[in-house]
Amino acid sequence: MEELSAGPLVPAVVKPDASRAAADTGASAAASGETFPASTSEPDKDFLCPICMQIIKDAFLTACGHSFCYMCIITHLRNKNDCPCCGHYLTNTNLFPNFLLDKLLKKTSVRQISKSASPVEHFRQALQKGCDVTIKELDTLLSLLADKKRKMEQEEAERNMQILLDFLHCLRKQKVDELKEVQTDLQFIKEDINSVEKHRMDLYRARDRYSLKLRMLDDSGGRKSWHSSLEKSSSGIISSPLNLRGGLSSGSHTKKNDGKSQINSHGLGVQRRDAVTGSDSQLINQSGLALVRKKRVHTQFNDLQECYLQKRRHAADKPHSQQERDMNLISREGYTAGLEDFQSVLTTFTRYSRLRVIAELRHGDIFHSANIVSSIEFDRDDDLFATAGVSRRIKVFDFSAVVNEPTDAHCPVVEMSTRSKLSCLSWNKYAKNQIASSDYEGIVTVWDVTTRKSLMEYEEHEKRAWSVDFSRTDPSMLVSGSDDCKVKVWCTNQEASVLNIDMKANICCVKYNPGSGNYIAVGSADHHIHYYDLRNISRPVHVFSGHRKAVSYVKFLSNYELASASTDSTLRLWDVKENLPVRTFKGHANEKNFVGLTVSSEYIACGSETNEVFVYHKEISKPLTWHRFGSPDMDDTEDEAGSYFISAVCWKSDRPTILTANSQGTIKVLVLAA
């Protein structure tokens with residue numbers, strides 16, 4: 001039950017014991033002991049104690065004629081009664097002070113110190129010994145010392161001034177560069193303001209033309225109705241003289257027609273007022289929405305500013321030929337490529353501000369108390385989604401039924417039992433009825449959802465398999481990673497693995513590049529992401545470094561953009577084409593559990609150990625929005641509710657809909673809303 005409450009933990013690399021290295025370092029430092037200064041010659045070996053191999057202190061002579069440090073030989077004789085040099089029988093009574101050796105050692109030490117002493121030290125020793133010096137000689141020495149002091153102070157002042165001057169030159173260069181960069185940025189901003197103002201005026205003119213056409217259509221329609229009513233009334237008036245008997249009736253008929261025309265004209269006025277009122281309310285709603293979006297811009301202004309300048313500078317740094325191609329593509333807008341990119345970012349970033357729950361269901365059943373959902377995935381057409389976890393069951397649900405039917409207890413359309421707890425699912429993007437799973441026993445299974453039977457079972461992994469993924473370009477290929485430090489590539493037409501990559505740390509996640517079946521990304525417990533070309537697995541194409549803990553998930557936003565999650569509570573975005581880090585995302589909490597990661601073309605979503613779902617825009621490092629799961633059980637205390645965490649997330653293609661699940665077995669369908 002302890003494992004169920006905590007959930008599956010992300011593997012971690014055990015660091016080598018530093019105590020042994022420290023002990024080795026300490027031992028080598030201790031072995032150096034007391035030695036003569038480096039500038040002097042090596043000490044005579046006859047002056048070294050045979051036990052500690054250092055200069056003898058308090059020399060004592062044995063009966064057999066060998067000299068040792070007093071403490072060294074006493075310590076030795078406590079354990080053994082023999083001479084360390086010749087093995088002669090020896091006791092404490094056979095030890096005698098070696099005064100001659102002590103005197104020689106002291107003289108040698110003084111001689112060595114005097115050789116290494118400075119002239120000032122020699123002069124000081126001479127004065128201490130009572131060397132006779134006259135007043136005139138002292139005056140001469142003091143004058144020399146004063147001149148030497150002034151010269152040293154002058155040199156020190158010159159060095160300080162040179163250091164200060166170098167610093168100021170460096171600071172000026174840096175500020176000049178910054179000024180040039182600011183001036184360039186201001187020029188970019190000025191050009192973009194002119195472009196946006198011009199485009200806005202074009203939009204205003206187009207709107208005015210459209211409004212004028214609508215008014216002309218309304219006016220022409222009103223005149224036609226007025227002319228038709230006028231013709232009817234005039235025909236009634238003209239026919240009345242011809243009616244010899246019906247003067248009164250014709251008059252009443254005319255009055256009725258007049259009443260109808262008044263009613264019609266009044267009704268037309270009401271309709272026009274309603275249309276004006278509707279347009280006014282629509283304008284109010286639009287202005288309120290614009291105000292909310294402006295607030296979002298100001299909230300993340302620094303990040304948006306950095307994004308704008310980065311894209312604008314990058315577009316300006318492109319070769320001239322490429323700039324011309326970009327201008328040809330967006331000539332109708334009058335924008336530069338950088339401004340066009342940033343407008344897209346600004347639009348997608350300010351479009352949404354919250355996550356709204358549109359459906360919720362419980363994953364658990366009466367036969368299994370373990371409800372942690374380890375993986376949740378949409379099928380090829382986003383019609384079905386599958387869930388798997390520690391309950392040893394793969395459940396397939398109809399998405400439209402979950403969203404449209406109000407009931408809380410939705411029954412799966414397909415349910416398949418497994419022998420072990422499941423860690424990951426992956427739908428085949430070509431064969432709609434195929435789904436692959438990996439489990440805690442290291443078994444990778446390919447299932448037929450239609451027949452509810454396994455098509456292939458691969459049992460080569462020796463430990464728990466954490467991840468499995470189908471190739472998007474070759475529907476028969478899939479890859480898996482395991483705690484046995486191996487990545488295996490499988491083919492659904494073969495019973496054994498077709499490729500094997502041995503690594504040095506546990507494998508937490510694997511993912512095919514969506515644009516090529518030759519490249520895979522591997523997240524490892526060694527804190528790195530290894531990007532492999534399967535045509536040459538001798539070494540990775542590149543190793544992405546930056547995470548401080550195990551990499552728990554890797555997902556591709558595009559053929560060149562890779563997102564990763566780690567138990568260091570960060571997400572990172574990488575450029576696998578240029579092999580560069582792009583951005584780091586912070587805001588969620590993740591230190592030990594698999595909390596899920598999912599990506600779309602513009603957004604990245606992940607779970608948190610605070611039982612919250614976080615959504616990031618790929619261009620902004622701070623969260624766009626987040627949603628906290630509430631406990632459905634009213635009896636749960638806050639502490640118990642806080643022990644739950646998000647365990648799986650999945651976008652519905654490029655739509656603003658996301659499937660989320662937590663360790664309690666609650667599944668929610670969330671949608672991004674304004």
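Points worth noting:
- Residue match in segment 313-322 (condition: at pLDDT below 85, farther than 30 Å from Lys429 by Cβ, of a type outside the set (S, T, N, Q) and touching a helix residue (DSSP H, G or I) at 6+ places or on another chain (Cβ under 6 Å)): yes
- Any hit, segment 119-132, residues being farther than 30 Å from Ile55 by Cβ, open to solvent by 90 Å² or more (accessible area, probe 1.4 Å) and either at pLDDT 80 or above or not basic (Lys, Arg) (or both): yes
- All of (1) more than 19 Å from Ser353 (Cβ to Cβ); (2) at pLDDT below 95 hold for Glu619 with one exception: (1).
- Complete set of residues in segment 475-522 that are of a type in the set (Ser, Thr, Tyr) and under 19 Å from Val446 (Cβ atoms): Ser476, Ser480, Ser482, Thr492, Ser497, Tyr512
- Leu186 satisfies every condition listed in (1) more than 29 Å from Thr336 (Cβ to Cβ); (2) modelled with pLDDT of 90 or more; (3) open to solvent by 100 Å² or more (accessible area, probe 1.4 Å) except (1).
- Check on Val414, at pLDDT below 95 and more than 28 Å from Val551 (Cβ to Cβ): yes
- Matching residues, segment 603-621, being open to solvent by less than 10 Å² (accessible area, probe 1.4 Å) and either out of contact with any Ser or Thr (no Cβ under 9 Å at 6 or more places or on another chain) or outside any loop (DSSP other than H, G, I, E, B) (or both): Ile604, Ala605, Cys606, Gly607, Val613, Val615, Tyr616, His617, Ile620
- The set of residues from segment 582-602 being closer than 27 Å to Val541 by Cβ and outside any loop (DSSP other than H, G, I, E, B) comprises Val582, Arg583, Thr584, Phe585, Leu597, Thr598, Val599.
- Any hit, segment 558-568, residues being of a type in the set (A, V, I, L, M, F, W, C) and touching a Lys or Arg at 6+ places or on another chain (Cβ under 7 Å): yes
- Elements of type strands (runs of 3 or more DSSP E) contained in segment 510-581, each with 1 or more residues being in contact (Cβ under 8 Å) with a residue 40 or more places away in the chain: 519-524, 529-533, 551-556, 561-566, 570-575
- Comparison of Ser420, Ser454 shows that the only residue that is within 17 Å of Phe594 (Cβ to Cβ), surrounded by fewer than 23 Cβ atoms within 10 Å (Cβ to Cβ) and over 30 Å from the mean Cα position of the chain (by Cα) is Ser420.
- Remark: pairs (first residue in segment 489-503, touching a residue at least 60 places away in the same chain (Cβ under 8 Å) and closer than 17 Å to Val541 by Cβ; second residue of a type outside the set (A, V, I, L, M, F, W, C) and surrounded by 10 or more Cβ atoms within 10 Å (Cβ to Cβ); Cβ separation under 9 Å; 6+ apart in sequence or on different chains) are absent.
The values are calculated or read from the model by the stated rules, or taken from the named source; none is laboratory data. Everything numeric in this text was worked out from a predicted model, so none of it was measured. Positions of Cβ are backbone-derived with ideal geometry, glycine not excepted, and every protein chain shown enters the neighbour counts. These area figures cover heavy atoms from the full protein model, side chains too; ligands, DNA and RNA do not enter into them. Shrake-Rupley method; radii C 1.70, N 1.55, O 1.52, S 1.80 Å.
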